[in-house]
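These notes are about the structure you will find just below.
The values are calculated or read from the model by the stated rules, or taken from the named source; none is laboratory data. Small disclaimer: the values here were computed from a predicted structure and weren't measured. Note that each Cβ is placed from the backbone with ideal geometry, even for glycine, and that neighbours are counted across all protein chains shown. These area figures cover heavy atoms from the full protein model, side chains too; ligands, DNA and RNA do not enter into them. Shrake-Rupley method; radii C 1.70, N 1.55, O 1.52, S 1.80 Å.
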Amino acid sequence: MARGCLQGVKYLMFAFNLLFWLGGCGILGVGIWLAATQGNFATLSSSFPSLSAANLLIVTGTFIMAIGFVGCIGAIKENKCLLLTFFVLLLLVFLLEVTVTVLFFAYTDKIDRYAQRDLKKGLHLYGTPGNVGLTNAWSIIQTDFRCCGVSNYTDWFEVYNATRVPDSCCLEFSENCGLHAPGTWWKAPCYETVKMWLQENLLAVGVFGLCTALVQVVKADTYCA
């Protein structure tokens, strides 16, 4: 009976890790597709042009695939060394998340000032030759998050040297709608809007990571028993 339960746990955890690995494959695939079709898609920072959505997805997907692969082999082979490696990797990811979160909250003001200054500098590259990725990124963010500019829509006035904004800032998109009155534009600041969205989603990722680590602890104890 005990052996049957152990086998059930083994195949259940193999299925879990397989899904984890497949998720990594999906993320990696999206990253490669973005890199191939959109170039430096979602590169908002002028100081760190390599910090693009495509690159982040490729690195994240590769890392998740590696963890999932180790977990799959460790579960199906009942290899304690691989299972321990898998657990350590998950623990490191969780500790990294905690460290980043603590540092973020400890230096929130400095990070906010630097990030907003850098993003505002990047606005001047919007629509210029060779910056298709940054242009696409701002257009998508302003449209999807219903916001305009870094701090507010007046950030764009310095870019255009006129009272206008990109068409992606408009409540109702139309050609050259950015030339209309401010009442037709989104008022929410993109920096704060996206920051709140990230904080909400990073919390969910952290909870998932903690639950996953706890599951792996239970699994390792089961195999070691």
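Points worth noting:
- Filter result (at pLDDT below 75, aliphatic (A, V, I, L, M) and open to solvent by 50 Å² or more (accessible area, probe 1.4 Å)) within region 168-225: LEU202, LEU203, ALA204, VAL205, VAL207, LEU210, LEU214, VAL215, VAL217, VAL218, ALA225
- A residue that is open to solvent by 80 Å² or more (accessible area, probe 1.4 Å), under 16 Å from LYS187 (Cα atoms), in a helix (DSSP H, G or I) and not β-branched (Val, Ile, Thr) occurs somewhere in region 130-149.
- Of all residue pairs spaced 6 or more apart or on separate chains, none has beta-carbon atoms under 6 Å together with a first member in region 158-177 that is in the same structural domain as LYS120 (by the TED database) and at positive phi and a second member that is assigned to a loop (DSSP other than H, G, I, E, B) and at pLDDT below 90.
- Considered as a group, the residues in region 83-112 that are in a helix (DSSP H, G or I) and not hydrophobic (A, V, I, L, M, F, W, C) include one that is most open to solvent (accessible area, probe 1.4 Å), and that residue is LYS110.
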